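Visitor: Sharing a structure below in structure tokens format, with a few things to ask.
Each reported figure results from applying straightforward, stated rules to the coordinates on display, with no laboratory input. A quick note: this is a predicted structure, and the numbers were derived from the prediction, not measured. Positions of Cβ are backbone-derived with ideal geometry, glycine not excepted, and every protein chain shown enters the neighbour counts.
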């Protein structure tokens with residue numbers, strides 16, 4: 001719990017109530033059987049190098065399949081999903097594994113918006129639990145319980161992309177310790193058998209040992225609890241490509257420009273414009289579908305405007321969450337910190353991909369595809385960090401390696417005039433317009449799977465679709481000769497995604513990194529990076545690689561660029577630098593230095609001429625403004 005009561009009197013009253021309520025439950029919790037969450041599967045024997053994975057259809061094939069739906073009645077899609085973020089790709093995967101014919105189109109790239117600019121946590125929501133208790137809010141309580149269940153599914157379906165992370169809550173007044181202890185134990189209790197490790201109290205010396213850069217003044221101790229952490233954009237791309245493997249038609253850089261309606265005014269398809277330079281002769285083409293789902297996050301109202309331009313009332317209240325990236329020396333590599341900010345909110349410092357992420361803000365904002373963080377927000381984060389870190393470890397603006405702003409698509413109550421984004425719910429909303437546009441908006445990364453399941457259930461009902469059983473074993477999905485694939489539920493047309501392993505997972509093991517080092521003579525940091533980013537697909541990535549693209553300080557390889565183009569539909573340098581690798585999020589200057597090499601490799605793969613190379617350099621530098629590149633630095637690069 002982050003809220004800190006203002007007096008010992010409050011604590012005495014709270015203890016009297018809370019102790020009675022939770023003592024018995026915590027006793028049961030301590031004795032309950034528990035699943036093991038840290039064990040990785042043993043390595044498959046004798047992997048093929050490079051492994052033989054299912055063929056990914058070329059982008060031109062996906063374009064042709066979309067176009068065919070306009071003229072061939074048998075090629076009409078059951079569902080067309082607009083939006084390639086976490087929600088959209090989750091819906092596509094859920095629907096296609098129920099045997100439905102599914103297409104997905106994304107205006108920019110997978111995870112190009114909110115889904116790549118998250119806090120990287122997979123969490124139930126300690127703050128939401130506190131709000132539920134303080135305000136006796138049953139809806140918030142249900143949100144926490146649901147998120148804790150989904151957290152478990154999330155960590156299991158792609159263990160190479162996510163893991164448990166201990167989070168330290170500093171205790172600076174003695175009477176806070178019991179309050180925080182009860183709160184974190186209640187959090188553990190609600191997770192039940194699906195919980196991670198148990199929370200615990202650390203005395204002052206142990207707390208400083210766990211987080212050495214913490215300000216020791218007035219520190220009493222710390223409470224440690226566990227949540228999940230993940231590589232958000234890699235997770236998003238993996239969801240998209242898993243949907244492709246299971247039969248979905250998925251296309252990024254393809255913008256919906258119009259909703260097609262039949263004589264009764266019901267949506268029967270969309271007009272799509274391929275935004276790449278090699279999309280063919282047609283600037284725009286028709287895609288027919290029995291149902292259309294709007295899963296565009298902060299841009300949901302823009303799609304609604306295509307449907308109901310004169311009557312639609314906005315349902316999204318966008319909120320900006322600014323984050324900054326700092327050197328790894330600012331904190332430990334395996335423990336995160338969450339503390340109360342001076343204005344009653346929270347500030348966090350989390351290890352991620354060898355750096356430290358700090359944030360975040362929460363205030364109303366305009367909707368922009370690539371928002372540039374306000375300097376005022378960056379300064380606020382630095383100020384709050386310096387109030388919780390040791391004076392010897394204070395951070396300066398010059399320490400910041402990258403910045404970004406994620407726009408949260410908070411759901412607005414149409415009957416409310418509230419403009420405080422902190423008070424808005426993080427739950428999701430499903431709506432169906434008079435013309436049949438199904439919109440799924442809100443929620444958070446942790447609950448993307450549940451959102452997708454709800455959306456597909458609704459779509460089946462609204463559009464009168466018939467799910468069909470589908471094989472649980474696409475050919476050689478693991479890339480090894482034998483694999484015990486027991487994914488999902490029985491293939492009877494029901495939702496399969498609670499236990500459906502994503503691509504990269506089946507051949508992933510605790511020994512994969514070491515196996516890569518032995519097989520390819522890779523440095524340990526590179527092998528570890530490949531294993532954690534690609535899972536069993538790292539065999540293929542390593543086989544394509546010959547050198548690093550960002551110097552010895554970063555493990556990114558040229559083979560990742562080639563793999564991104566050939567097997568993950570990367571079409572621009574920003575796709576590679578920000579969402580296939582994460583270099584732009586970790587160090588914007590390193591991304592600038594890697595840019596020429598990335599463009600050269602992509603030019604080889606995609607046949608770019610000099611004009612496209614120059615245009616790509618300009619477009620990527622402009623994109624990097626949203627990652628922390630200053631206006632002056634961008635101007636110098638483009639002059």
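Visitor: If I fit a long axis through the Cα atoms of helix 232-245 and take the longest principal axis of the Cα atoms of the chain, what angle between them do I get, 0 to 90°, rounded to 10?
Guide: So the inclination is approximately 40 degrees.
Visitor: To the nearest 10 degrees, how steep is helix 558-567 against the longest Cα principal axis of the chain, on a 0 to 90 scale?
Guide: With both axes taken from Cα atoms, the answer is about 60 degrees.
Visitor: Sticking to Cα atoms, compute the Rg of the stretch 544-638 to one decimal and its Dmax as the biggest Cα-Cα distance, whole number, in Å.
Guide: Considering the stretch 544-638 through its Cα atoms, Rg and Dmax are 12.3, 36 Å.
Visitor: Which FRET efficiency, nearest 0.05, do residue 600 and residue 552 yield, Cβ-Cβ r, R0 25 Å?
Guide: On the way: r = 20 Å, r/R0 = 0.78.
That pair, residue 600 with residue 552, gives E of 0.80.
Visitor: So what's the angle, to the nearest 10 degrees on a 0 to 90 scale, between helix 524-534 and the longest Cα principal axis of the chain?
Guide: Taking the Cα atoms of the chain, the angle to 524-534 is about 70 degrees.
Visitor: Taking the mean number of other Cβ atoms within 10 Å as a proxy for protection, how do you rank 321-332, 203-214 from highest to lowest?
Guide: Details: 321-332: 20.8, 203-214: 16.9.
With the highest mean Cβ count within 10 Å placed first, the list reads 321-332, 203-214.
Visitor: So for the chain, averaging the separation of alpha carbon pairs under 8 Å that are six or more residues apart and normalising by length, what relative contact order in percent results? Provide the component values of the computation, followed by the final result.
Guide: Numbers: 1276 pairs, mean separation 118.5, N = 639.
With pairs under 8 Å counted, the relative contact order is 19 percent.
Visitor: Rounded to the nearest 0.05, what FRET efficiency do residue 566 and residue 266 have when you use their Cβ-Cβ distance and R0 = 41 Å? Present the calculation step by step, with values, prior to reporting the outcome.
Guide: Values: r = 39 Å, r/R0 = 0.96.
Computed FRET efficiency for residue 566 and residue 266: 0.55.
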